[in-house]
1. Which percent of the accessible area of the chain is formed by carbon and sulfur heavy atoms (probe 1.4 angstrom)?
2. Report the extension gain between residue 84 and residue 142 in nm, rounded to one decimal, defined as 0.36 nm multiplied by the number of residues separating them, less their alpha carbon distance.
3. Please get the size of the charge dipole for segment 112-158, origin at its Cα centre, with Cβ charges of +1 on Lys and Arg and -1 on Asp and Glu, quoted in debye to the nearest 20.
4. Residue separation times 0.36 nm, minus the C-alpha to C-alpha distance between residue 336 and residue 293: what's the value?
5. Residues in segment 337-352 near a label at residue 200, defined as backbone nitrogen under 20 Å from the 7 Å Cα→Cβ point?
6. Using a ≥ b ≥ c from the Cα gyration tensor of segment 120-159 (square roots of the eigenvalues), is it rounded, prolate or oblate, where a/c under 1.5 gives rounded and otherwise the larger of a/b and b/c decides, a/b for prolate?
7. Could you give the nm distance between label points at residue 127 and residue 193, where each point is 7 Å from its Cα heading toward the beta carbon?
8. Report the FRET efficiency, 1/(1 + (r/R0)^6), for residue 223 and residue 362, where r is their Cβ-Cβ distance and R0 is 51 Å, rounded to 0.05.
Amino acid sequence: MLAPITHVLGARPNFVKAAPVIRALAALGHRQRVVHTGQHYDERLSEVFFVQLGLPAPDVNLGVGSAGGSHAQQTAAAMTGLEQDFIEHPPGLVVVYGDVNSSVAAALVAAKLQIPIAHVEAGLRSFDNTMPEEINRRLTDQMSDLMFATSPEAIGYLANEGRPVSAVHLVGNPMIDTLMANLDRFDTAAVRAGLDLPERYVVATLHRPSNVDDPAVAAGLVKALHEIAGVIDVVIPVHPRGRAVLEAAGLSAHPAVHACPPLGYLEFMGLVRGAAAVATDSGGVQEETTLLRVPCLTVRPNTERPITITSGSNRLITSAELASAVLKACDDGPYTGELPPLWDGHAGVRIGRIITDWLASDG
Ligand code: UD1
Ligand code: UDP
């Protein structure tokens with residue numbers, strides 16, 4: 001029997017990106033395994049995505065968890081579990097997604113076991129090494145045999161880092177595949193009713209360490225959200241990372257701030273689709289708002305997704321600018337520019353074909 005294609009998934013964004021790739025490879029008849037590191041473990045950060053997106057249940061969950069919040073412990077625990085799994089079930093190819101700790105852990109283990117690696121969402125760069133994700137991205141790309149890019153500038157970045165251009169494929173964006181495949185399932189009115197939201201509202205998501213780990217920074221963001229809520233209701237599904245600090249800063253104290261636990265994918269995207277504007281520090285949300293043409297204000301000094309600024313409605317802002325920028329975006333209304341190339345819902349199928357050809361040609 002042929003060695004399986006093993007997908008390593010660990011955190012919320014991985015699940016959204018993997019669904020169309022796994023589906024495409026299944027349709028092409030490949031044997032696949034799904035290894036969940038367990039980096040994200042709350043039902044609302046993990047299982048709900050498997051259920052809603054029809055992902056196959058993981059063959060194994062390594063139960064890595066948060067490891068006390070230490071990157072070294074989390075990455076090391078993932079590596080230890082993955083090494084054992086890859087030795088017991090040798091993969092023909094390991095597929096990793098994005099830039100989370102589980103992805104770089106899988107790439108390191110696979111590289112040392114001489115197992116080929118495919119990286120989905122290769123070549124994104126913020127050029128900001130204070131972000132753990134930037135380190136994870138660069139290292140993962142260095143070890144990858146196949147690199148699937150969502151955005152054209154990635155090709156140049158990878159070439160500059162000495163990666164062979166022949167191994168880089170511009171395929172579109174699997175996160176956008178998932179979004180397009182599920183558009184009919186988003187029920188904005190039902191989600192609004194469930195959260196007691198009026199017709200016009202702003203969605204906020206904040207989970208970057210630079211925004212939610214430092215109480216003073218978080219307090220500045222809460223103040224801005226309260227200012228927005230004085231004009232238009234704000235709904236914020238709160239990532240567990242920032243929950244305590246944001247609440248300590250008084251997040252829920254404003255009657256027009258609707259703080260809720262993380263939402264399932266369908267509920268969250270239903271909410272985003274109906275929003276007047278989105279304030280975020282998420283990577284994926286910058287892309288999803290681009291496709292949905294919802295104004296997006298990103299509270300970060302940089303982005304690894306500049307195409308969401310040139311092709312979409314995204315803008316980088318500071319915490320001090322947050323309230324005025326969001327309120328202005330609500331007035332300005334939706335954006336109608338040209339979408340990034342190949343963000344057409346078929347990235348998973350392209351990846352499936354390229355992997356199939358690559359395996360057939362023996363790498
Ligand atoms: C991780 C990724 C980040 C990604 C985000 C998506 C890394 C370095 N970071 O950040 O790139 O944008 O996921 O959401 O890989 N926690 C829970 N329940 C869970 C998971 C986490 O309560 O199921 C809490 C724990 O207190 C934990 C903290 O969140 O310490 C951070 O979790 P972790 O997985 O380390 O990083 P994220 O901030 O979620
Ligand atoms: N998401 C969700 N529910 C939420 C928040 C986010 O389903 O409450 C989805 C959404 O599709 C988003 C993805 O999870 O793009 C990844 O989210 P996150 O912001 O955690 O990760 P990042 O993209 O910043 O790595």
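1. About 55 percent, which is the carbon plus sulfur part of the accessible surface.
2. In short, 18.6 nm is gained.
3. Working: 4 positive and 7 negative charges, 32 e Å.
Taking the Cα centre of segment 112-158 as origin, the dipole is about 160 debye.
4. Taking residue 336 through residue 293 to full extension adds about 14.8 nm, to one decimal.
5. Correct set: none at all.
6. Judged from the Cα gyration tensor, segment 120-159 comes out oblate (a/c at least 1.5, b/c at or above a/b).
7. Result: 5.0 nm between the two label points.
8. Numbers: r = 59 Å, r/R0 = 1.15.
It comes out at approximately 0.30.
The values are calculated or read from the model by the stated rules, or taken from the named source; none is laboratory data. Only a predicted model underlies this, so the values are computations on that prediction, with no experimental measurement involved. Cβ coordinates were reconstructed from backbone atoms using ideal geometry, including for glycine residues, and neighbour counts include every protein chain displayed. Areas reflect the complete protein model, heavy atoms only, side chains present, ligands, DNA and RNA absent. Shrake-Rupley method; radii C 1.70, N 1.55, O 1.52, S 1.80 Å.
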